[in-house]
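Below: the structure, in structure tokens.
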Amino acid sequence: MKVFYRSLRRTLVVYQQTRAVFCCAEMARRWGKLLGFGARGIAACTSREMSLFLDRAQANGRTILEVVPIRCCPFCGEEIEIVREKP
């Protein structure tokens, strides 16, 4: 699998995904919900890693997002390559 991103210059350097080439159908199906670039729901962030998203229940009844970096597809085992696209 390949995930392409670009760097955006603001006060901090942030990264934004531009496109993805999926390694398997299950990865394409789960993209953006269970897995994604950076953090779920964030268009640009300071992390340029692929992440697994987990919702963790809290004592007050709400959930928080846990972000776990991954290097391989959890469905087919293919290595995930993060590629910078230059403008």
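Computed from the coordinates by the stated procedures, all read-outs in this text should not be read as laboratory data. Quick caveat, the model's predicted, so the values are computed rather than measured. Glycine gets a Cβ as well: all are built from the backbone with ideal geometry, and neighbour counts include every protein chain shown.
For region 28-41, 3J(HN,Hα) computed residue by residue from phi via the Karplus equation (6.51, -1.76, 1.60; θ = phi - 60°) reads 4, 5, 8, 4, x, 9, 9, 9, x, 8, x, 10, 4, x Hz, glycine and proline entered as x. Modelled label positions at Ile64 and Glu26, each set 7 Å beyond Cα in the direction of Cβ, lie 3.0 nm from each other. Applying D = kT/(6 pi eta Rh) to region 12-87, where Rh is the Kirkwood radius over alpha-carbon pairs, T corresponds to 20 °C and eta to 1.002 mPa s, the Stokes-Einstein value obtained is 159 µm²/s.
For Leu52, the shell of other residues with beta-carbons less than 13 Å away shows a net charge of +2, using +1 for Lys and Arg and -1 for Asp and Glu. Let me check I've understood the local charge: for Phe75, count other residues with C-beta under 12 angstrom from its C-beta, Lys and Arg +1, Asp and Glu -1. What total comes out? Surrounding charge for Phe75 is 0.
The relative contact order of region 41-87 comes to 30 percent, based on Cα pairs under 8 Å that sit 6 or more residues apart.
Shown for Phe22, Phe37: other C-beta atoms within 10 Å of each C-beta, ranked fewest to most, produce the order Phe22, Phe37.
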